[in-house]
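The values are calculated or read from the model by the stated rules, or taken from the named source; none is laboratory data. No experiment lies behind these values; they were computed from the predicted model shown. Note that each Cβ is placed from the backbone with ideal geometry, even for glycine, and that neighbours are counted across all protein chains shown.
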Amino acid sequence: METMGVGIIGCGNISTAYLKLAPLFKGLEVRAVADLSPEAAQAQADEFGVRAEDPEALLAAEDIGVVVNLTVPAAHFAVTRAILAAGKHAYSEKPFVLSLEDGEALRALAETKGLRIGSAPDTFLGGTHQQARALIDEGAIGPVLAGTAHVMSRGMEAWHPNPDFFFQPGGGPVLDLGPYYITNLVQLLGPVRRVAALANAGFATRTIGSGPRQGETVPVNTPTNIHALLDFASGATVTLSASWDIAAHRHANMELYGADGSLYVPDPNFFGGDLVLATNRDSSAPVDLWDHPFGRPNEEKNDERRANYRTAGLADMVAAIAEGRPHRCSLDLAVHVIDVMTAILRSGENGQFETLSTTCERPAPLTPAEAAALLKDAE
Ligand SMILES: NC(=O)c1ccc[n+]([C@@H]2O[C@H](COP(=O)([O-])OP(=O)(O)OC[C@H]3O[C@@H](n4cnc5c(N)ncnc54)[C@H](O)[C@@H]3O)[C@@H](O)[C@H]2O)c1
């Protein structure tokens, strides 16, 4: 397979993960980075030995076939449109875009140009989430009837030095963290058909807790506490609680309740973690984790070894282009997840059930052998 040149637009917080992890994968090579701030681009270029360019030059570069959009959510649509207009494949961080209309506009442009669009999250390709998928598909808990998912904390302003966008329209916990949870639910259970939600905000302002702006107050202009009901096409019903107003809680990240048992799935914001299978109230046991390449710990964080294979979705898209097959972090999946999230927020405003206008296929499972094939050195 020929190596595809990768450019990155957006050299903030998350760009370091992509620049560090991309070299693990076959078939791609990061060659240039760009940012509205030339200093930010230069700093990452110096650290990782790639070219720093302005965004226009990066989009015109002949040695780049796919551009990764790591800008802030409000810029995702315009930057992905510019990438496609320049004739390059596009891969975006989450949330893919902020409205269904923007998603459909990008779909139309990509179709006209014969280009691919992919979007994070790719954490559902992690070893544990793929094992959960395999267990569900082989009927370990029977048909899934219901589930709960909780992603609740006191917010992002304590650690992110520029948290303003989290608290503006386009931010909030559903659009920011919902992609991990909803994408994983869709890979496990299939598409959603309608949603309803309650949404409010517990705090009018937030105070930045780190970096040069520490102590500065930012306004809150979007719901930060959302309780949603998701009705899946399969018939499964799931409650999703997404909040940045909660100091502490004792709920689990994700529990799926099947006709023959329950499966407790770890935080889909990460690639690894433990799985627990419970066949009745008195009997639950950790599942022996399979040896999946995207579940192997490769990073130390807060004294814990954990698996981080961000860029896996991009590597799968690059391989899929070469092999002429669909990629897993697909446009259809990303657009459906945007539909789910924006419908949840609409329902939070209007108090009505919202029926979705999009659907999608579940992405293909990623077996250990298929994951190994994406890595340069799987052993
Ligand atoms: N920080 C994380 O841990 C994390 C994790 C997963 C996903 N993400 C997602 O990644 C994206 C970026 O997050 P971040 O935390 O790195 O943000 P950030 O604010 O640290 O960095 C964003 C960068 O994009 C640049 N930028 C903004 N608009 C641009 C434009 N039009 N053209 C070129 N550059 C532009 C900014 O100058 C900035 O350097 C977001 O969508 C976020 O949801 C972040």
Count of region 318-358 residues which are within 19 Å of Gly190 (Cβ to Cβ), under 18 Å from the mean Cα position of the chain (by Cα) and polar (S, T, N, Q) = 1
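Could you say which residue among Ala199, Ala108, Ala146 is closer than 22 Å to Val68 by Cα and away from the ligand (no atom under 15 Å from the Cβ)? Break it down stepwise before answering.
Values: Ala199 fails: closer than 22 Å to Val68 by Cα; Ala146 fails: closer than 22 Å to Val68 by Cα.
Only one candidate qualifies: Ala108.
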Return yes when Gly178 is within 14 Å of the ligand (Cβ to nearest atom) and among the small types (Gly, Ala, Ser) and no when it is not.
-> yes
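A quick yes/no check of all residues on (1) closer than 21 Å to Leu125 by Cβ; (2) under 18 Å from the mean Cα position of the chain (by Cα); (3) not basic (Lys, Arg):
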| position | (1), (2), (3) |
| --- | --- |
| Asn280 | no, no, yes |
| Pro286 | no, no, yes |
| Pro293 | yes, no, yes |
| Glu299 | yes, no, yes |
| Tyr309 | yes, yes, yes |
| Ala312 | yes, yes, yes |
| Leu375 | yes, no, yes |
When region 240-253 is checked residue by residue, the ones that are surrounded by 15 or more Cβ atoms within 10 Å (Cβ to Cβ) and either out of contact with any Asp or Glu (no Cβ under 6 Å at 6 or more places or on another chain) or not in a loop (DSSP other than H, G, I, E, B) (or both) are Leu240, Ser241, Ala242, Ser243, Trp244, Asp245, Ile246
For region 324-341, enumerate the residues that are under 24 Å from Ala22 (Cβ atoms) and touching a residue at least 60 places away in the same chain (Cβ under 8 Å).
-> His327, Arg328, Cys329, Ser330, Leu331, Leu333, Ala334, Val337
With criteria (1) under 23 Å from the mean Cα position of the chain (by Cα); (2) within 11 Å of the ligand (Cβ to nearest atom); (3) over 22 Å from Gly114 (Cα atoms), Asn69 comes up short on (3)
Considering only region 24-40, state which residues are away from the ligand (no atom under 13 Å from the Cβ) and either among the β-branched types (Val, Ile, Thr) or at pLDDT below 95 (or both).
-> Val30
Does at least one position in region 80-88 carry a residue that is surrounded by 24 or more Cβ atoms within 10 Å (Cβ to Cβ), within 12 Å of the ligand (Cβ to nearest atom), at pLDDT 95 or above and under 18 Å from the mean Cα position of the chain (by Cα)?
-> yes
Which members of region 6-23 meet the condition of being more than 11 Å from the ligand (Cβ to nearest atom) and surrounded by 18 or more Cβ atoms within 10 Å (Cβ to Cβ)?
-> Val6, Gly7, Leu19, Leu21, Ala22
